[in-house]
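The values are calculated or read from the model by the stated rules, or taken from the named source; none is laboratory data. Remember, it's a predicted structure, so these values are computed and weren't measured experimentally. Heads up, the Cβs are rebuilt from the backbone with ideal geometry, glycines too, and the neighbour counts pull from every protein chain shown. Side chains are part of the model used for accessible areas, which takes the heavy atoms of the whole protein and leaves out ligands, DNA and RNA. Shrake-Rupley method; radii C 1.70, N 1.55, O 1.52, S 1.80 Å.
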Amino acid sequence: MTMDEPVGAAIDNAHDPFLSLQVVALVASAGGLRALSTVLQALPAEFPAALVVVQHMDPHHRSMLPQILEERTALKVRQAEEGSVLEPGVVHIAPPDRHLLVNPGGSLSLTRSEPVHFLRPSGDVLLESLAAACGVRAIAVVLTGTGSDGSDGICAVKKQGGTVVVQDPETAEYSGMPASAVETGCADLELPLDRVAEALIGLVRGGRI
């Protein structure tokens, strides 16, 4: 606390639950439904981290992804809304045609700003906001997909002290995104799909990598 900082502000910061909350961001494209289902169904209902998801999808149709995934996991799954607040054991999914951002106070924002590499939502946009908001508490996961979305974002997470998990491209239905992520050199763990959930459980419970 600085000399100019009110004592009350310091007390509020000390009791802000977001300051100790880890946040897992999963980015997927082609083949993502199967990959996300595999990871989320293996996580327990009491998973102590919050989760955010970018899955590339048709921008012109309503997404049923939250409903589909909620039937396959013990976690609570919601479509992200402007002002949604991150909570342990809750998955927030980016809606079609909106970028999803994590704010420093633990709330979420949606924006229709320009597509990034022709994509909206963009995994890079999500991960870069996650890195800025969470620092060492950020865990980025890149799963199956074509293209290179997520590669810039994971480097931002790594630079801020967060952890990066990438699906082994050889186990991915579409290897483009995970292969591009591996090539950045920013991945801490490169794992088969069926081991990603186990790694996330270990990371949020203080396990070493």
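Conditions tested, residue by residue: (1) modelled with pLDDT under 95; (2) open to solvent by less than 70 Å² (accessible area, probe 1.4 Å); (3) polar (S, T, N, Q); (4) touching a His at 6+ places or on another chain (Cβ under 7 Å).
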| residue | (1), (2), (3), (4) |
| --- | --- |
| Asp4 | yes, no, no, no |
| Ala9 | yes, yes, no, no |
| Asn13 | yes, no, yes, no |
| Val24 | no, yes, no, no |
| Val27 | no, yes, no, no |
| Gly31 | no, yes, no, no |
| Arg34 | no, no, no, no |
| Ser37 | no, yes, yes, no |
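Scoring Glu114 on the criteria (1) among the charged types (D, E, K, R); (2) open to solvent by less than 10 Å² (accessible area, probe 1.4 Å); (3) not in a helix (DSSP H, G or I) leaves a single failure, condition (2). Taking segment 39-63, which residues are open to solvent by 10 Å² or more (accessible area, probe 1.4 Å), closer than 19 Å to Arg137 by Cβ and in contact (Cβ under 8 Å) with a residue 60 or more places away in the chain? Pro48, the sole residue that qualifies. Of all residues in segment 133-151, those that are of a type in the set (D, E, K, R) have Cβ atoms under 8 Å from Cβ atoms of residues that are assigned to a helix (DSSP H, G or I), 6 or more apart or on another chain, in Arg137/Ser20; Asp149/Gly123; Asp149/Asp124; Asp149/Met177.
Among the residues of segment 91-107, which ones are under 12 Å from the mean Cα position of the chain (by Cα) and in a strand (DSSP E or B)? Step through it out loud before you land on a result.
Just the residues of segment 91-107 that are under 12 Å from the mean Cα position of the chain (by Cα), to begin with: 91-94, 100-102.
Within segment 91-107, Val91, His92, Ile93, Leu100, Leu101, Val102 qualify.
Residue-level analysis places Gly206 among those that are in a loop (DSSP other than H, G, I, E, B), farther than 19 Å from Ser29 by Cβ, free of Cβ contacts under 8 Å to residues at least 40 places away in the same chain and open to solvent by 10 Å² or more (accessible area, probe 1.4 Å).
Just to be sure, is Glu170 modelled with pLDDT of 95 or more, open to solvent by 40 Å² or more (accessible area, probe 1.4 Å), out of contact with any Cys (no Cβ under 7 Å at 6 or more places or on another chain) and within 18 Å of Ala42 (Cα to Cα)?
Numbers: modelled with pLDDT of 95 or more: yes; open to solvent by 40 Å² or more (accessible area, probe 1.4 Å): yes; out of contact with any Cys (no Cβ under 7 Å at 6 or more places or on another chain): yes; within 18 Å of Ala42 (Cα to Cα): no.
Answer is no for this residue.
Return the residue satisfying two criteria in turn: it lies in segment 80-94 and is touching a His at 6+ places or on another chain (Cβ under 9 Å) and surrounded by 18 or more Cβ atoms within 10 Å (Cβ to Cβ), and of such residues it is nearest to Val24 (Cα to Cα).
Just the residues of segment 80-94 that are touching a His at 6+ places or on another chain (Cβ under 9 Å), to begin with: 80-81, 84, 86.
This time we only want the ones that are surrounded by 18 or more Cβ atoms within 10 Å (Cβ to Cβ), so: 80, 84, 86.
Numbers: Ala80: 15, Ser84: 16, Leu86: 11 Å.
The qualifying residue nearest to Val24 (Cα to Cα) is Leu86.
So in segment 136-151, with the set limited to residues that are touching a helix residue (DSSP H, G or I) at 6+ places or on another chain (Cβ under 7 Å) and outside any loop (DSSP other than H, G, I, E, B), which one is farthest from Ala172 (Cα to Cα)? So that I can check it myself, show each step before the final result.
Let us first name the residues in segment 136-151 that are touching a helix residue (DSSP H, G or I) at 6+ places or on another chain (Cβ under 7 Å), namely 138-151.
Narrowing further to those that are outside any loop (DSSP other than H, G, I, E, B): 138-142, 151.
Values: Ala138: 23, Ile139: 19, Ala140: 17, Val141: 13, Val142: 10, Ser151: 16 Å.
Selected residue: Ala138.
Test Val77 against the stated conditions and say whether it is under 23 Å from Arg34 (Cα atoms), assigned to a strand (DSSP E or B) and touching an Asp or Glu at 6+ places or on another chain (Cβ under 8 Å). Answer is yes for this residue. Among the candidates Gly185, Gly150, the residue that is out of contact with any Phe, Trp or Tyr (no Cβ under 8 Å at 6 or more places or on another chain), on the phi > 0 side of the Ramachandran plot and open to solvent by 50 Å² or more (accessible area, probe 1.4 Å) is uniquely Gly185.
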